[in-house]
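What follows is a set of notes on a single structure, which appears directly below.
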Amino acid sequence: MSTNSDITCGAVAPLLAARVHARLAGEDAACVERHLGECAPCRATSRALAVAWRAGAEPGADLWPRLRARMARADERVRLRLPPVTWPVAAAAAAAAAILMIVPEPARFLAACGVL
C-alpha cells in the first residue's frame, strides 16, 4: 500500500478485518492507522468489526453446537396468552364465517344490511 495520506476507504476496507485480528503489520498497518485517524466512517467500521469479533466464536468455529446447547437450556414451550373467548364473541365469529362462506358477495350484502 502506498504511504501517501490520501488512501481511499475502498483500499482500507479489505484490511480492517486483518487489523482487528492483529494480522496487519508494516507499511499496511501504518497506512491503515493514518487513514483511521482521519476517517470517522472507517473508524466506526473498525470498531464494529472488533465488537463482532469479540462477541463471536473462534474464527471458523461452528456455531451450531453452541446454539443447540442454548436451545436445550431454553424452555421447550412458549405459552401464548390469549384473552378468553366468550360465547358471544365465538357466536359472532361463527356468524361472520358463515356469511362469508354462504353469501356470494359479502361486501354488498353487509352494505345492504347497513353494517358497512
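The values are calculated or read from the model by the stated rules, or taken from the named source; none is laboratory data. Quick caveat: nothing in here was measured; it's all calculated off a predicted structure. We place every Cβ from the backbone using ideal geometry, glycine too, and count neighbours over all the protein chains shown.
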For this session: Only residues that are under 25 Å from the mean Cα position of the chain (by Cα) and surrounded by fewer than 18 Cβ atoms within 10 Å (Cβ to Cβ): list them for segment 19-44, please.
Result: His21, Ala40, Pro41, Arg43, Ala44
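Can you tell me which of Ala94, Ala107 is surrounded by 10 or more Cβ atoms within 10 Å (Cβ to Cβ) and at pLDDT 85 or above? Full working, then the answer.
Values: Ala107 fails: at pLDDT 85 or above.
Result of the check over Ala94, Ala107: Ala94.
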Problem set entry | Contacts under 7 angstrom Cβ, first residue in segment 40-66 being within 12 Å of His21 (Cα to Cα) and in the same structural domain as Ala13 (by TED's automatic domain parsing), partner at pLDDT 75 or above and among the charged types (D, E, K, R), 6 or more apart | Ser46/Arg19
